[in-house]
């Protein structure tokens, strides 16, 4: 019988026929974590020895790290897909992961929000001057006060910033629809300061936020820089960029903002209700 890594390679080659390279890499990463855990826990690296007990033990230990529900589903989905491929090719008789629920009932990450004090601590460790400092101060305050997604922030162009009217024109990169987002006092000052310096840089791209090489900033660059400053300010991680959206929604609700508008920011009225109930009662919410 073929060893488990040979079977993994065959599975990835088959998966690559109808899935993107990113999906194949993600599946490989999750499965290698599972195989490593099997090896370190003294279990056999043999597909026929992988049962429901082994999978549930791994997921239980993985969940103790306070991963998000989405990460849990991604890990279980990778294991389930690999074992289903083996079952279809008659290498194993049944898929032991098929009956494991995709939703966890415990170990959920708390509702991730940052207080204004924590945001001030993050902003406080930024250098007082310099293009990079102005850019990152603008990005952090913009995410915190407008609840934009990272891909929306990345897609902003200079012409989208209407400083005279204190607003941004934001485009959905999937549907190409536009919406107007108000820029509050907290984000307005940093935006204007950054924009003055940005206009001095004459480059082909009209991207509002740029990074090294004078290229449009990327989603990963935003995440990495926020992670850096968050650690430097000694603020606990709570989902980073996602936590800014949760906090913005919470503040809207506490100030009796329009429920429908707040619901859209949270990703739907049901999610908003769950977030608000959890916040009021001090319970955990997996958002």
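Values in this text are rule-based calculations from the coordinates and carry no lab data. Just so it is clear, the structure is predicted and the values come from calculations on it, not from any experiment. When we count neighbours, we look across all protein chains shown, and the Cβ atoms used for this are built from the backbone with ideal geometry, even at glycine.
Assorted remarks:
- In this calculation the C-beta distance from residue 169 to residue 17 is compared with R0 = 51 Å, giving a FRET efficiency of 0.80.
- Sorted fewest first by neighbouring Cβ atoms within 10 angstrom, 236, 202 come out as 202, 236.
- Modelled spin labels at residue 100 and residue 158, positioned 7 Å past Cα toward Cβ, are 5.2 nm from each other.
- For peptides 145-151, 84-90, sequence by mean Cβ density within 10 Å, most packed first: 145-151, 84-90
- Distance between the 7 Å Cα→Cβ label points at residue 116 and residue 26: 3.7 nm.
- Full-extension gain in nm, residue 220 to residue 151, via 0.36 nm per residue minus C-alpha separation: 23.8 nm
- Label-to-label distance, residue 228 versus residue 195, with points set 7 angstrom from Cα along the beta-carbon direction: 2.6 nm.
- Rounded to the nearest 0.05, the FRET efficiency derived from the C-beta distance between residue 43 and residue 2 at R0 = 25 Å is 0.85.
- Applying 1/(1 + (r/R0)^6) with r as the Cβ-Cβ distance of residue 131 and residue 61 and R0 = 35 angstrom yields a FRET efficiency of 0.20.
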